[in-house]
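These notes are about the structure you will find just below.
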Amino acid sequence: MARRCPECYAELLDDAIWVCPSCGYTLRMPGSAKAGIVFMLLGLALLGVFVYGPENLGLNSGVMPTELANLTIANFPLLVVGAFALGSFLAAAAALKIRSEQARVAAA
Ligand SMILES: [Zn+2]
């Protein structure tokens with residue numbers, strides 16, 4: 001049985017992986033989009049911790065070596081920015097992937 005688009009019920013060809021050829025509906029999210037969202041949420045959580053104060057996390061209470069705890073606290077802004085940057089990079093890569101298929105099905 002042929003797959004159908006949940007949006008417009010058009011039959012889907014086997015090469016339509018991410019988007020519906022008739023309406024452009026996004027059928028599936030690439031894994032990198034999900035990973036990107038996870039990293040952005042992680043960045044958001046880290047940002048919350050940063051506002052709260054990473055030194056209040058109890059990292060120095062013996063959970064991890066003091067040096068590592070101090071290093072984490074000192075580089076916390078970098079950690080926040082890094083998670084956000086990685087997240088947006090993955091999301092952008094996923095968006096490009098979807099967009100290139102949209103262009104391909106539009107040209108077909
Ligand atoms: Zn459709």
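The values are calculated or read from the model by the stated rules, or taken from the named source; none is laboratory data. The model shown is predicted, which means the values in this text are computed figures rather than measured ones. In this analysis, Cβ positions are derived from the backbone assuming ideal geometry, glycine residues included, and neighbour counts consider all displayed protein chains.
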* Structure fact -> Looking across the range 65-80 at residues that are surrounded by 14 or more Cβ atoms within 10 Å (Cβ to Cβ) and of a type in the set (A, V, I, L, M), the single one that is nearest to Leu27 (Cα to Cα) is Val80
* **Residue that is farthest from the ligand (Cβ to nearest atom), among those in the range 26-45 that are buried (at least 16 other Cβ atoms within 10 Å of the Cβ) and in a loop (DSSP other than H, G, I, E, B)** => Pro30
* Which of (1) over 22 Å from the mean Cα position of the chain (by Cα); (2) polar (S, T, N, Q); (3) modelled with pLDDT of 90 or more is the odd one out, the single condition Ser61 does not satisfy? -> (3)
* Filter the range 8-23 for residues that are under 18 Å from Ala95 (Cβ atoms) and surrounded by 16 or more Cβ atoms within 10 Å (Cβ to Cβ) and give the result. => Ala16, Trp18, Val19, Cys20
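Before we move on, is Gly48 modelled with pLDDT of 90 or more and either under 16 Å from the mean Cα position of the chain (by Cα) or assigned to a loop (DSSP other than H, G, I, E, B) (or both)? Can you show your working first?
On the way: modelled with pLDDT of 90 or more: yes; either under 16 Å from the mean Cα position of the chain (by Cα) or assigned to a loop (DSSP other than H, G, I, E, B) (or both): no.
When the stated conditions are applied, Gly48 does not pass them.
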* Structure fact -> Pairs returned, first residue in the range 1-26 that is of a type in the set (A, V, I, L, M, F, W, C), second residue that is in a loop (DSSP other than H, G, I, E, B) and at pLDDT below 85, beta-carbon separation under 7 angstrom, 6 or more apart or interchain, are Leu12/Ala2
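Of the residues Gly53, Gly48, which is away from the ligand (no atom under 16 Å from the Cβ) and on the phi > 0 side of the Ramachandran plot? Walk me through how you get there before you give the answer.
Numbers: Gly48 fails: on the phi > 0 side of the Ramachandran plot.
Every option except Gly53 fails the conditions.
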* Residues in the range 5-58 that are within 22 Å of Gly87 (Cα to Cα) and charged (D, E, K, R): how many? -> 2
* Taking only pairs six or more apart or across chains, which ones have beta-carbon atoms under 7 Å, a first residue in the range 83-108 that is at pLDDT 90 or above, and a second residue that is in a loop (DSSP other than H, G, I, E, B) and of a type in the set (S, T, N, Q)? -> none
* Structure fact -> Counting only residues that are over 13 Å from Val105 (Cα atoms) and either more than 8 Å from the ligand (Cβ to nearest atom) or not aromatic (Phe, Trp, Tyr) (or both), the range 7-25 contains a total of 4
